[in-house]
1. Please work out which residue is modelled with the lowest pLDDT, limiting yourself to the range 3-43 and to residues that are of a type in the set (A, V, I, L, M) and surrounded by fewer than 11 Cβ atoms within 10 Å (Cβ to Cβ).
2. Looking only at helices (runs of 4 or more DSSP H) that lie completely in the range 75-155, which have at least 2 residues being within 30 Å of Thr65 (Cα to Cα) and touching a Ser or Thr at 6+ places or on another chain (Cβ under 8 Å)?
3. Looking at the range 104-141, which of its residues are open to solvent by less than 40 Å² (accessible area, probe 1.4 Å), touching a helix residue (DSSP H, G or I) at 6+ places or on another chain (Cβ under 6 Å) and polar (S, T, N, Q)?
4. Which count do you get for residues in the range 57-98 that are within 11 Å of Tyr39 (Cα to Cα) and either more than 19 Å from the chain's Cα centre (by Cα) or among the hydroxyl-bearing types (Ser, Thr, Tyr) (or both)?
5. Can you name the number of the only condition in (1) of a type outside the set (Val, Ile, Thr); (2) surrounded by 11 or more Cβ atoms within 10 Å (Cβ to Cβ); (3) farther than 24 Å from Leu148 by Cβ; (4) at pLDDT below 95 that Ser79 fails?
Amino acid sequence: MIKHHENVGLNTANLSGMFEAMSDVLSDDAQNALILFNYSTKPIETEAEVLERAELMDELMDMATSETDVCMVYAHAISDRIEEFETNHLIMPKVPAVEMLKGLMDIKELKQSDLKHIAPQSVISDILNGKRAINLAQAKGFSEYFNLPFETFID
C-alpha cells in the first residue's frame, strides 16, 4: 500500500486515478508506448537512429504544453540519448596549436606582452607568425594560463 507523502502530495486515490488513465491510454496504443519508451531509454547506435529520434523529439516538444508535460519529459530523455551518442561518436578536429593560441588571445583580448610570463613578446610574435614552434615549456605555460589540456598547444 502506498502511504500519503506530504512533501510530494501523492496519495493512493491520486495514484489509482493516474494509473487507471494511463492504463486506458497505454492499452489503446501499447505498441507506440513501447516504441516511445525504447527511444527514450535505449542507446543510439547509428546516425540514422539519431535523425529518427531527433524527428520524434521535435514532434514531442511541439506537442508539449509545459516543461513538465509527459511529452516534454520523453523529449528530454530522447535528447539525452542523442547527446550520449554524439559525445561517444563525434570526433573533434585538431586545431593547430598556433591557431588555437591566436583564437584564445582574440577571445580574451590579450596582447603578446600579456603572455610575457610564458615567453618574451618577441618569441610570442615569432610563434604567432609561424617562425617558431611552441616548445614544451611554453605549451605547459599556455596550458596552465588558459586552463586547457597540455596537448592543445602541441602539434
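1. Of the range 3-43, the ones of a type in the set (A, V, I, L, M) are 8, 10, 13, 15, 18, 21-22, 25-26, 30, 33-36.
Pick out the ones that are also surrounded by fewer than 11 Cβ atoms within 10 Å (Cβ to Cβ) and you get 8, 13, 21, 30.
Details: Val8: 51, Ala13: 68, Ala21: 70, Ala30: 75.
This residue is Val8.
2. Because the criterion is at least 2 residues that are within 30 Å of Thr65 (Cα to Cα) and touching a Ser or Thr at 6+ places or on another chain (Cβ under 8 Å), no helices (runs of 4 or more DSSP H) in the range 75-155 meet it.
3. Ser125
4. Total satisfying the criteria: 2.
5. The single condition Ser79 does not satisfy is (4).
The values are calculated or read from the model by the stated rules, or taken from the named source; none is laboratory data. Quick caveat, the model's predicted, so the values are computed rather than measured. So basically every Cβ, Gly included, is an ideal-geometry build from the backbone, and we count neighbours across all protein chains shown. Protein only, heavy atoms only, side chains kept; ligands, DNA and RNA dropped before computing areas. Shrake-Rupley method; radii C 1.70, N 1.55, O 1.52, S 1.80 Å.
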